[in-house]
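Chemist: If you scroll down you'll find the structure; I have some questions about it.
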Amino acid sequence: MSVAATATATATPSFRIRRSTRGVPRMRMPVRSSTISVAPMLTKLQSDCATPLPVLRHVADSMSADMRAGLAVDGGSDLKMILSYVDSLPTGNEKGLFYALDLGGTNFRVLRVQLGGKEERVIATEFEQVTIPEKLMFGTSEELFDFIASVLANFAQQEGGKFHLPPGRKREIGFTFSFPVKQTSIDSGILMKWTKGFAVSGTAGNDVVACLNEAMDRKGLDMRVSALVNDTVGTLAGARYWDEDVVVAVILGTGTNACYVERMDAIPKMQGKFSPSGRTIVNLEWGAFSKGLPLTVFDRDMDAASINPGEQIFEKAISGMYLGEIARRALLNMAEEGALFGESMPEKLSMPFILVTPHLSAMQQDNTDDLQTVGSILYDVIGAESNLNSRKIVVEVCDTIVKRAGRLAGAGIVGILQKLEEDSTSAFFSKRTVVAMDGGLYERYPQCRQYIKEAVAELLGPETSQNIVIEHSKDGSGIGAALLAATNSQYDQDY
Ligand code: ADP
Ligand code: MG
């Protein structure tokens, strides 16, 4: 494959304090006088977060059952089972210049790709990534989409080199939008609600493609959105371009979600709609799943304090935006009740979202004898003085939270595979099946990856799990969206 990738990315700082921390006490508070030992507190946390096989099985079975209920009728379960309107997947024949936009929960990416068909495949790609300014997450829809359009306009201006568009054609965009959207066609969809901490006014209930088109008009930018795709759908399409056995895609980033390839006749709510391939991609919106999850008081308190209490419970237990915060709440409790950091409380430990998932991951990669990295992160981030014993406990807390997240994600994946197996007339589990994974949490937290694999193997058994390949599809969603823009191009494709 000849991929010329030029990264013009602005590096995102690996540790960044996000989300609002206003209204937080800043006093150095004394710990309670009658402290109890921290060891039993850790044991309690571990048992509250435990995911033994019966718990995993219950989650997988409930996921399958919720999928069926959501496919039967809109509103039939926690899972929306959104139809993507993507019923032809990339074949490898796609040719031409296409753009992709990817609005995640943390980053915004723009990408262009020159596709060369079966022989040349991806001739060139270029991308640019910017962190979404926090104030835009709480601003107006116009401000957010103007920002997107201006990044796109600057990026489009720098086109050159191996990229070229036949005369008379508009540049076409695949727009990856990683929030729950009710698709109305391949190139339109209504935002149902913001998630992942976004509270932008004026978008929910509106067509996000129309919002983007209006912003592009305001910038005088003449491009056309030919496919609106969820990030999971983009990832599936991108991975499928290289490997025909990909049938499921899962994102574990700021938030989490999954999609898969479904048979049209297995979707009762489609009511006889037709697709030439007889298949379509269904987006679970699995962040809203809620059954049988082992949750703690820290999860409940975090949920209650969130901007969407009672919603996105699976997402809050397993995705990157929240793992650091759950750990912070557990550590705060240990510091207050168990004097984890000695007699005085590190003041910043009371600040919501001060500890982020990349911190947990960095602490768990510390191989030094005295856990130096853990010590310096605790000192730098929350101002805590720690000894080896408290550092070890902190690492255990991180591990407990990420272990639960990884294993629950694994159970969710098995829930999808199980549903496909039950419906299959052939022996689904006896052939190779690929699950394409992406997202910052999956990519950069090795323990998380390991726990996912272990849970899948435990649930499926050694023989079956050999046929299930869980693969990182790096940045597949960007290329995937561009490929779907190609598949749904308004122009004739000369192949
Ligand atoms: P988005 O969700 O915006 O599409 P990503 O897929 O890149 O973006 O995911 C970003 C998220 O991944 C961050 O919010 C963070 O929770 C998580 N993450 C980033 N870096 C790491 C890391 N080193 N370890 C663990 N999690 C990480
Ligand atoms: Mg993303």
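The values are calculated or read from the model by the stated rules, or taken from the named source; none is laboratory data. These figures come from a predicted structure and were not determined experimentally. Here the Cβ is made from the backbone with ideal geometry for all residues, glycine too, and neighbour counts use every protein chain on show.
Chemist: Scanning segment 434-486 for residues that are polar (S, T, N, Q) and in a helix (DSSP H, G or I), which turns out surrounded by the fewest Cβ atoms within 10 Å (Cβ to Cβ)? Lay out the reasoning, then the answer.
Modeler: Just the residues of segment 434-486 that are polar (S, T, N, Q), to begin with: 447, 450, 464-467, 473, 477.
Okay, now just the ones that are also in a helix (DSSP H, G or I), so 447, 450, 464-465, 477.
On the way: Q447: 17, Q450: 13, T464: 18, S465: 19, S477: 34.
Within segment 434-486, the match that is surrounded by the fewest Cβ atoms within 10 Å (Cβ to Cβ) is Q450.
Chemist: Could you list all residues from segment 99-119 that are without any contact (Cβ under 8 Å) to a residue 24 or more places away in the chain and either in contact with a strand residue (DSSP E or B) (Cβ under 7 Å, 6 or more places away or on another chain) or buried (at least 21 other Cβ atoms within 10 Å of the Cβ) (or both)?
Modeler: Of everything in segment 99-119, just one residue is without any contact (Cβ under 8 Å) to a residue 24 or more places away in the chain and either in contact with a strand residue (DSSP E or B) (Cβ under 7 Å, 6 or more places away or on another chain) or buried (at least 21 other Cβ atoms within 10 Å of the Cβ) (or both), namely G116.
Chemist: Out of S88, S77, which single residue is of a type outside the set (D, E, K, R) and without any contact (Cβ under 8 Å) to a residue 60 or more places away in the chain?
Modeler: S77
Chemist: Can you find, within segment 68-123, the residue that is farthest from A237 (Cα to Cα) among those that are more than 16 Å from ligand 1 (Cβ to nearest atom), among the aliphatic types (A, V, I, L, M) and touching a Phe, Trp or Tyr at 6+ places or on another chain (Cβ under 9 Å)? Spell out the reasoning first.
Modeler: Residues of segment 68-123 more than 16 Å from ligand 1 (Cβ to nearest atom): 68-99, 112-123.
Filter again for among the aliphatic types (A, V, I, L, M), leaving 69, 71-73, 79, 81-83, 86, 89, 97, 113, 115, 122-123.
Right, trim to touching a Phe, Trp or Tyr at 6+ places or on another chain (Cβ under 9 Å) and you get 79, 89, 97, 113, 115, 122-123.
Details: L79: 21, L89: 6, L97: 17, V113: 15, L115: 14, V122: 14, I123: 18 Å.
By that ranking, first place goes to L79.
Chemist: Which one is surrounded by the most Cβ atoms within 10 Å (Cβ to Cβ), of the residues in segment 59-75 that are more than 23 Å from the chain's Cα centre (by Cα) and assigned to a helix (DSSP H, G or I)?
Modeler: Ranking the qualifying residues of segment 59-75, first place goes to A69.
Chemist: Look at segment 121-153 and say how many of its residues are in contact (Cβ under 8 Å) with a residue 12 or more places away in the chain and surrounded by fewer than 14 Cβ atoms within 10 Å (Cβ to Cβ).
Modeler: Going through segment 121-153 one residue at a time, the tally reaches 2.
Chemist: Determine, yes or no, whether A405 is under 22 Å from G105 (Cβ atoms), touching a residue at least 24 places away in the same chain (Cβ under 8 Å) and within 16 Å of ligand 2 (Cβ to nearest atom).
Modeler: Answer is no for this residue.
Chemist: Within the group G70, G75, G104, G92, which residue is at pLDDT below 95 and within 28 Å of F198 (Cβ to Cβ)?
Modeler: Result of the check over G70, G75, G104, G92: G104.
Chemist: Regarding segment 364-379, can at least one residue be identified that is assigned by the TED database to the domain that holds P446, polar (S, T, N, Q) and at pLDDT below 95? So that I can check it myself, show each step before the final result.
Modeler: Looking only at segment 364-379, we keep the residues that are assigned by the TED database to the domain that holds P446, and these are 364-379.
Then keep just the ones that are polar (S, T, N, Q); that gives 364-365, 367-368, 372-373, 376.
Add one more test, that the residue is at pLDDT below 95, and what stays is none.
Among the residues of segment 364-379, not one is assigned by the TED database to the domain that holds P446, polar (S, T, N, Q) and at pLDDT below 95, which makes the answer no.
Chemist: Out of curiosity, is D87 acidic (D, E) and assigned to a strand (DSSP E or B)?
Modeler: In short, no.
Chemist: G234: within 16 Å of ligand 1 (Cβ to nearest atom) and over 17 Å from V261 (Cα atoms), yes or no? Don't jump to the end; show me each part of the working.
Modeler: On the way: within 16 Å of ligand 1 (Cβ to nearest atom): yes; over 17 Å from V261 (Cα atoms): no.
Answer is no for this residue.
Chemist: Out of all the residues in segment 337-395, which are in contact with a His (Cβ under 8 Å, 6 or more places away or on another chain) and either in contact (Cβ under 8 Å) with a residue 60 or more places away in the chain or away from ligand 1 (no atom under 16 Å from the Cβ) (or both)? Let's see the steps before the verdict.
Modeler: Pass one, segment 337-395, residues in contact with a His (Cβ under 8 Å, 6 or more places away or on another chain): 377, 381.
Across segment 337-395, the qualifying residue is only V381.
Chemist: With the requirement that a residue be more than 21 Å from M192 (Cα to Cα), among the hydrophobic types (A, V, I, L, M, F, W, C) and at pLDDT 95 or above, what does segment 268-303 give you?
Modeler: Across segment 268-303, the qualifying residues are L293, L295, V297, F298, M302.
Chemist: Let me ask something else about it. Mind listing whichever residues of segment 224-263 are in contact with a Pro (Cβ under 6 Å, 6 or more places away or on another chain) and within 16 Å of ligand 2 (Cβ to nearest atom)?
Modeler: Within segment 224-263, just A237 meets the criteria.
Chemist: Something else about it: For segment 450-471, indicate whether the set of residues that are within 16 Å of ligand 2 (Cβ to nearest atom) and at pLDDT 95 or above is non-empty.
Modeler: Going through segment 450-471, the residues within 16 Å of ligand 2 (Cβ to nearest atom) turn out to be none.
No: segment 450-471 contains no residue that is within 16 Å of ligand 2 (Cβ to nearest atom) and at pLDDT 95 or above.
Chemist: When you go through (1) surrounded by fewer than 24 Cβ atoms within 10 Å (Cβ to Cβ); (2) within 23 Å of the chain's Cα centre (by Cα) one by one for W286, which number turns out not to apply?
Modeler: (1)
Chemist: Report yes if M29 is farther than 30 Å from E262 by Cα, hydrophobic (A, V, I, L, M, F, W, C) and at pLDDT below 95, otherwise no.
Modeler: On the way: farther than 30 Å from E262 by Cα: yes; hydrophobic (A, V, I, L, M, F, W, C): yes; at pLDDT below 95: yes.
Judged against the criteria, M29 is a match.
Chemist: Does any residue of segment 205-223 turn out to be of a type in the set (G, A, S), surrounded by fewer than 16 Cβ atoms within 10 Å (Cβ to Cβ) and either in contact with a Pro (Cβ under 6 Å, 6 or more places away or on another chain) or closer than 22 Å to Q312 by Cα (or both)?
Modeler: Going through segment 205-223, the residues of a type in the set (G, A, S) turn out to be 205, 210, 215, 220.
Next cut, surrounded by fewer than 16 Cβ atoms within 10 Å (Cβ to Cβ) only: 205, 210, 220.
Now narrow it down to the ones that are either in contact with a Pro (Cβ under 6 Å, 6 or more places away or on another chain) or closer than 22 Å to Q312 by Cα (or both): 205.
Within segment 205-223 (the criterion being of a type in the set (G, A, S), surrounded by fewer than 16 Cβ atoms within 10 Å (Cβ to Cβ) and either in contact with a Pro (Cβ under 6 Å, 6 or more places away or on another chain) or closer than 22 Å to Q312 by Cα (or both)), the answer is yes, since at least one residue qualifies.
Chemist: Right, next: Taking the options E143, E128, name whichever one is acidic (D, E), assigned by the TED database to the domain that holds I173 and away from ligand 2 (no atom under 16 Å from the Cβ).
Modeler: Working: E128 fails: away from ligand 2 (no atom under 16 Å from the Cβ).
Just one listed residue meets the conditions, E143.
Chemist: Looking at this structure, is D399 closer than 30 Å to M345 by Cα, surrounded by fewer than 22 Cβ atoms within 10 Å (Cβ to Cβ) and within 14 Å of ligand 1 (Cβ to nearest atom)?
Modeler: On the way: closer than 30 Å to M345 by Cα: yes; surrounded by fewer than 22 Cβ atoms within 10 Å (Cβ to Cβ): yes; within 14 Å of ligand 1 (Cβ to nearest atom): yes.
Taking the combined requirement at face value, the residue satisfies it.
Chemist: Follow-up. So, of the residues in segment 145-180 that are assigned to a loop (DSSP other than H, G, I, E, B) and hydrophobic (A, V, I, L, M, F, W, C), which turns out to be farthest from E134 (Cα to Cα)?
Modeler: We begin by selecting, within segment 145-180, every residue assigned to a loop (DSSP other than H, G, I, E, B); these are 158-170, 178-180.
Filter again for hydrophobic (A, V, I, L, M, F, W, C), leaving 163, 165, 179.
Details: F163: 33, L165: 35, F179: 17 Å.
Once the filter is applied, the top-ranked residue is L165.
Chemist: Select from segment 181-204 the residues that are assigned to a loop (DSSP other than H, G, I, E, B) and within 16 Å of ligand 2 (Cβ to nearest atom) and write down the one among them that is surrounded by the fewest Cβ atoms within 10 Å (Cβ to Cβ). I'd like the intermediate steps shown before the answer.
Modeler: We begin by selecting, within segment 181-204, every residue assigned to a loop (DSSP other than H, G, I, E, B); these are 186-187, 192-200, 202-204.
Pick out the ones that are also within 16 Å of ligand 2 (Cβ to nearest atom) and you get 194-198.
Numbers: W194: 18, T195: 25, K196: 24, G197: 21, F198: 22.
Once the filter is applied, the top-ranked residue is W194.
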